[in-house]
Each structure stands twice: as C-alpha cells, then as structure tokens.
Amino acid sequence: LGAGRVAAQADKANYDESKVPHYRLPEPLVCNDGRRVTSVGEWESRRDREILPLFRSQMYGYVPAPEVPLSTEYTVLSEEEALDGRAIRRQVRIRFVRPATGRSPADRQDVLVLIYLPKDKATGEHRGNQRGVPVFLAYNFYGNQTVNADPGILPTISWCRNNERFGVTDHDGSKAIRGSNAWSWPVDTLLSEGFGLVTACYNDIYPDGTGNRDRSVIRLFGDTLQRADGWGAISAWAWGLSRIMDYLEQAPGVDASRVTVTGHSRLGKTALWAAAQDRRFAAVISTNSGCGGAALFRREFGETADLICGPVGYWFCPNFQQYRNNEAALPVDQHELIALMAPRPAYVASATEDLWADPRGEFLSAAHAGEVYALYGYRGLDTFTMPPADRPLAHRVGYHLRTGQHDVTAWDWAQYIPFVKREVCANGK
Ligand code: GCU
C-alpha cells in the first residue's frame, strides 16, 4: 500500500490494550460436535479436517479445478557460478499454460525463480553422492533483482506496486533497482550456513493491486466469476508456492524434504496459508504477518477484518467480508492456522514498532497453537507471558519481538537460521 493509504487506515485502528474486547477463541481441540480431541489420530482424522475447510471457505478461498487442466513447463534459463564462486545461481522459468486455447501470452503465466545454492555443498565433486541442501523459500515484493546486487540476476518484469525506494514507477517491475532490498536477504550468511535460497516475485502469480485478477494466474483457470468461497490473492500466492515446491521436488542440489517457507507481512500471511495446506513444507516462519496472518482477529487491535477488507479485500474470498466488525462470528482464528502446522516447526516474529500487525496478537496465536503441538509430544511456546523485546523464545514453536519497524532484518534471520538448523535439519533429518 502507499504510505498515505496505510497511515489513513492505521489512524482508525485501536492501539489501546485496555480496549481489546473480551473474546473467546475457538478451541482447536474441540470438534464441531463438541467432542474433545485427545490423540494425534483424532486430530489428524477429524479436527484438522474441520478447521482447514473453514479457513478455505470463510477466509482465503478455495482453489478450483481449472476448466482445462494446465500444463506446467520448467525451463532452466541459466545455471552458473555466482557471488565470487560461493554460489551456484540457477534461474528457472515456470510456465503455466492453458493448453486447449493455443499459446498466446494470454494463455500462459510465467514465474521466474531465482535459486542460490552453496557451491561447495550442492555441486561439483559432491554432487551425486550427497543429498541436496535445505533451502528457504520466500517470495520477494519487487522482483528477484532487488534481492541482491548480483548483476547476473534476471530481472522480474511483472506489474508491481509503485515504490520509489525500490525504483518502481508506472507499475513497471523491470525498473526495480538491483539489490535495493538486499538488507532483507542475507544470501551470503545463508550460503555459509549451508542453506540455499529460492525466491520469486509474488506479482508473477497475482500482481498485487485491485482489479488485477484478470492479469493473475486465476484467469488461466477459466474462473471468471469469483464464487463466495473462491480464491483471493493470498490463496493464489500460496498456490504458487506449492507449484514452486513441485519444481523443488525434482531440482538438483535441493533437499525437498527440508524446505522452510517464509515471508514478510502479506507474504508472511501467504507463507502460513501455504504451509498449513501443503504438508511438504517442512517448516514455516512468518515475519510481521499481522492481520490475516499470525495475529488473532478477535483482539481487534491494530489492523482488523474491516480495515483490511477496505483496501485489499481481494486478498480474501468474498465470504470473508461478513466478518467485518463481526470477528466473534469467525468460526476459526489464527492460532488454528498455526496449529495446522503441527507437528512441523513454526516461528512467528513481530516488531515493537509494528503495532498495526498486533505483536501481542501474533504472540498469543503462537502460544495457543501449543496445545496441538503438545498432542504430538512437542513443546510449543510453553507460556502465555510475552517475552521482552529481542529475547527469542523457541521450542518447536518459536516467537520473537524485535526492536524496530515493520521489516525483515539480519537480526530476524539470525534467529531463524539456528531455529531451522535445530528443528528441521537436526531432528532426525
Ligand atoms: C499493509 C496491510 C497489511 C500488510 C502490509 C504489508 O500494511 O494493511 O495487512 O501485512 O501492508 O504487506 O506490508
């Protein structure tokens, strides 16, 4: 959103803890018929099957079967050494094609995927006799070229929101400046810690603006009239992450059983929704995902259902509109989105100055998800007392409140990397 727009919206929000209404959260371990879940078997066979469809039909929307099955083509556009020999940089075009109608640009959608792998681990003499590396998968906001100043990155050219900081004007994503968001992408650290990085611009799937549904991948599905429970942009982006995962399952040098999906803000919401649905993701990390992400709707603190539906209602399914100023009627809340991850590791991060995203609501969500992890014998956060700023708390579920603004920083990554090493890479994997 433009800065002015956020400010106008943000002014309407409540930031006073004493005005948070009394609320009752839906209970993850109580079935719709009132029966209590007491075992993993019951959770997996019954209760998580009740919760997931509710998120689909009431919040993010279902992905329909396409009118005509799409075909998917993978093309490796380049693969070479990069970053002074520390990395292999592979760039892959994933193309979704509506086969019956020919091959005009209107019948296809391209996603440009940038992959860095640590060269010493993923290739060369080790290749073939060693499994691939664990990776972080994350969408970027303004194009692959913004992630690093590496001149070899093929620029993403999609429609983008305008943003002077990243050089985007006229919605022309190709103008985005190389390396302009590099502070959020510690590529060198990831490589030296043995991780790969996989990224693509979310606008390649659904250009993030009102009225862009017809430029999104949704049009290839022949899904012109959106149903009340039909997919909004977040579901489309989450679908895209699963399609990138399809590629990673066959990508040389990558260990697809150790993919951590992560994202910031609206892309944190997207990462949570993608990982809740697609159990191939080994872990999820959301940074400042806020309303519609990790934050509890029922707190009505910072951004609310009503405030989010105003400018960006298209992120959700039309059914979601009925919860504006009516949070108590939601049949789910966001602790259950995190619970759907169980027993896979989940980490939620907030920032002290990002009250719009409701840090306490994000924390409480992660804390309440813990009871489902406990069924599996894992420790969640194990407390309902929020830790002080800059003091991470992490078992199988992790949380931190970083001092500072709405952003992803090196400090955030410095918490994520050891968490993933311990919970994804060490635990028998
Ligand atoms: C806006 C929006 C948030 C979102 C954020 C972002 O502030 O209201 O819901 O998380 O943009 O994606 O940066």
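Summary table
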{"item": "From 389, 366, 349, 374, residue being in a strand (DSSP E or B) and more than 30 Å from residue 227 (Cβ to Cβ)", "result": "349"}
{"item": "Residue within the range 221-237 that is under 28 Å from residue 132 (Cβ atoms), under 17 Å from the mean Cα position of the chain (by Cα) and either within 12 Å of the ligand (Cβ to nearest atom) or surrounded by fewer than 23 Cβ atoms within 10 Å (Cβ to Cβ) (or both) present", "result": "yes"}
{"item": "Every residue from the range 1-19 that is surrounded by fewer than 11 Cβ atoms within 10 Å (Cβ to Cβ), in a helix (DSSP H, G or I) and either away from the ligand (no atom under 14 Å from the Cβ) or at pLDDT 75 or above (or both)", "result": "11, 17, 18, 19"}
{"item": "Hey, residue 364 surrounded by 24 or more Cβ atoms within 10 Å (Cβ to Cβ), closer than 20 Å to residue 54 by Cβ, in contact with a Phe, Trp or Tyr (Cβ under 8 Å, 6 or more places away or on another chain) and in contact (Cβ under 8 Å) with a residue 40 or more places away in the chain or not", "result": "yes"}
{"item": "Yes/no for residue 143 being buried (at least 18 other Cβ atoms within 10 Å of the Cβ), modelled with pLDDT of 95 or more and either under 23 Å from residue 244 (Cα atoms) or away from the ligand (no atom under 16 Å from the Cβ) (or both)", "result": "yes"}
{"item": "Complete set of residues in the range 200-252 that are within 17 Å of residue 158 (Cα to Cα) and among the acidic types (Asp, Glu)", "result": "204, 208, 214"}
{"item": "Residue among 385, 403, 409 that is within 16 Å of the ligand (Cβ to nearest atom) and β-branched (Val, Ile, Thr)", "result": "409"}
{"item": "Residues being out of contact with any strand residue (DSSP E or B) (no Cβ under 7 Å at 6 or more places or on another chain) and within 24 Å of residue 322 (Cβ to Cβ) - total across the range 220-237", "result": "10"}
{"item": "Test result for residue 412, among the acidic types (Asp, Glu), under 30 Å from residue 254 (Cβ atoms), outside any helix (DSSP H, G or I) and under 17 Å from the mean Cα position of the chain (by Cα)", "result": "no"}
{"item": "Test set (1) assigned to a helix (DSSP H, G or I); (2) in contact (Cβ under 8 Å) with a residue 60 or more places away in the chain; (3) more than 16 Å from the ligand (Cβ to nearest atom) - residue 267 fails condition number", "result": "(3)"}
{"item": "Matching residues, the range 33-86, being within 26 Å of residue 239 (Cα to Cα) and aliphatic (A, V, I, L, M)", "result": "51, 52, 54, 59, 63, 65, 68, 70, 76, 77"}
{"item": "Selection status of residue 50, among the charged types (D, E, K, R) and within 28 Å of residue 299 (Cα to Cα)", "result": "yes"}
{"item": "Residue tally, condition free of Cβ contacts under 8 Å to residues at least 60 places away in the same chain and buried (at least 24 other Cβ atoms within 10 Å of the Cβ), over the range 270-296", "result": "1"}
{"item": "Residue satisfying all of: in the range 189-219; of a type in the set (D, E, K, R) and touching a strand residue (DSSP E or B) at 6+ places or on another chain (Cβ under 9 Å); farthest from residue 308 (Cα to Cα) among these", "result": "193"}
{"item": "Residues that are touching a Leu at 6+ places or on another chain (Cβ under 8 Å), under 24 Å from residue 185 (Cα atoms) and near the ligand (Cβ under 9 Å from one of its atoms), drawn from the range 278-316", "result": "289, 291, 293"}
{"item": "Any hit, the range 241-255, residues being surrounded by fewer than 24 Cβ atoms within 10 Å (Cβ to Cβ), within 21 Å of residue 141 (Cα to Cα) and within 11 Å of the ligand (Cβ to nearest atom)", "result": "no"}
{"item": "Residues located in the range 60-84, provided they are surrounded by 15 or more Cβ atoms within 10 Å (Cβ to Cβ) and closer than 29 Å to residue 185 by Cβ", "result": "60, 63, 79, 82, 83"}
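Residues are listed down the side, and each one gets a yes or a no for (1) surrounded by fewer than 23 Cβ atoms within 10 Å (Cβ to Cβ); (2) touching a Gly at 6+ places or on another chain (Cβ under 8 Å):
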site: 301; (1), (2): no, yes
site: 306; (1), (2): yes, no
site: 325; (1), (2): yes, no
site: 336; (1), (2): no, no
site: 344; (1), (2): yes, no
site: 377; (1), (2): yes, no
site: 381; (1), (2): no, yes
site: 398; (1), (2): no, no
site: 405; (1), (2): yes, no
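The values are calculated or read from the model by the stated rules, or taken from the named source; none is laboratory data. Just so it is clear, the model here is predicted, and its values are computed rather than measured. No Cβ is skipped: glycine too gets one built from the backbone with ideal geometry, and neighbour counts run over all protein chains shown.
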